[in-house]
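> Pasting a structure here, questions to come.
The values are calculated or read from the model by the stated rules, or taken from the named source; none is laboratory data. Computed from a predicted structure; not experimentally measured. Using ideal geometry, Cβ is built from the backbone for each residue, glycine included, and neighbour counts are taken over all protein chains shown. Heavy atoms of the whole protein, side chains included, go into the accessibility calculation; ligands, DNA and RNA do not. Shrake-Rupley method; radii C 1.70, N 1.55, O 1.52, S 1.80 Å.
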Amino acid sequence: GLNIANLDLAKAVEKIKNLPKLKWLRIALQKDYPQNFSQLTHIQHLTICQNYDLWHQGFKYLPIPENLTLIPNLEELDLVNNNQANALPQNLGNLKHLKVLKISATAIQTFPESMQKLTHLTQIEGGLNKDLQY
């Protein structure tokens with residue numbers, strides 16, 4: 001596994017994309033993710049943690065960026081305890097191999113319609129936060 005914090009993500013992807021044994025990646029929530037996420041073919045587990053730098057800049061809530069769905073073989077998406085995350089990508093259904101979605105203690109209030117395409121999704125940990133006031 002690899003924990004990437006405060007690095008240039010596009011440059012980091014270039015460095016790690018050819019590491020076949022790297023299956024787990026932990027990154028901070030960003031306003032956007034680079035297009036080269038599609039090159040992370042070995043990554044199966046992704047954890048997205050809060051971004052305290054953005055939090056202190058006033059970004060209390062952020063959606064998970066659409067480019068996350070470019071990771072082709074992602075099996076597990078872990079957003080647990082990231083109460084800064086307030087929406088899943090609308091194209092979440094593009095993650096054809098997604099089996100596990102962990103959303104405990106997030107600000108996510110709805111599931112995108114594209115989730116219906118997730119035929120391998122067998123586990124959703126946590127529930128939607130319907131009590132949140134923006």
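> Rounded if a/c is under 1.5, else prolate if a/b is larger than b/c, else oblate: which is segment 7-72, with a ≥ b ≥ c the root eigenvalues of its Cα gyration tensor?
The shape class here is prolate.
> Next up: With a ≥ b ≥ c taken as the square roots of the eigenvalues of the C-alpha gyration tensor of segment 7-134, please select rounded if a/c is under 1.5 and otherwise prolate if a/b is larger than b/c or oblate if it is not? Walk me through the intermediate numbers first.
Numbers: a/c = 1.91, a/b = 1.18, b/c = 1.61.
Oblate, since a/c reaches 1.5 and b/c is not below a/b.
> Continuing with this model, one more query. Note down the magnitude of the dipole of segment 60-134 about its Cα centre, charges +1 on Lys and Arg C-beta and -1 on Asp and Glu C-beta and zero elsewhere, to the nearest 20 debye. Numbers along the way, then the final one.
Numbers: 6 positive and 7 negative charges, 14 e Å.
So the magnitude is around 60 debye.
> Which whole-number percent gives the relative contact order of segment 18-134, counting Cα pairs below 8 Å spaced six or more residues apart?
Working: 274 pairs, mean separation 24.9, N = 117.
Over segment 18-134, the number comes to 21 percent.
> Turning to a different aspect of this structure: Counting Lys and Arg as +1 and Asp and Glu as -1, each charge on the Cβ, what is the dipole of segment 91-134 about the Cα centre in debye, to the nearest 20?
Numbers: 5 positive and 3 negative charges, 38 e Å.
Once rounded to the nearest 20, the dipole reads 180 debye.
> Out of T106, Q116, L70, whose Cα points farthest toward the positive end of the dipole of the chain (charges: +1 Lys, Arg; -1 Asp, Glu; placed on Cβ)?
L70
> Using a probe radius of 1.4 Å on heavy atoms only, what accessible surface per residue do you get for segment 84-129? Whole Å² is fine. Kindly include the intermediate steps, with their values, before the conclusion.
Details: 2290 Å² over 46 residues.
Here the per-residue accessible area is 50 Å².
> If you put +1 on each Lys and Arg Cβ and -1 on each Asp and Glu Cβ, how big is the dipole of the chain around its Cα centre, in Debye rounded to 20?
Values: 13 positive and 11 negative charges, 59 e Å.
Value, rounded to 20: 280 debye.
> Then there's this: Compute the Cα gyration tensor for segment 54-129, then decide on rounded, prolate or oblate, letting a ≥ b ≥ c be the square roots of its eigenvalues: rounded whenever a/c is under 1.5, prolate when a/b is larger than b/c in the other cases, and oblate in all that remain.
prolate
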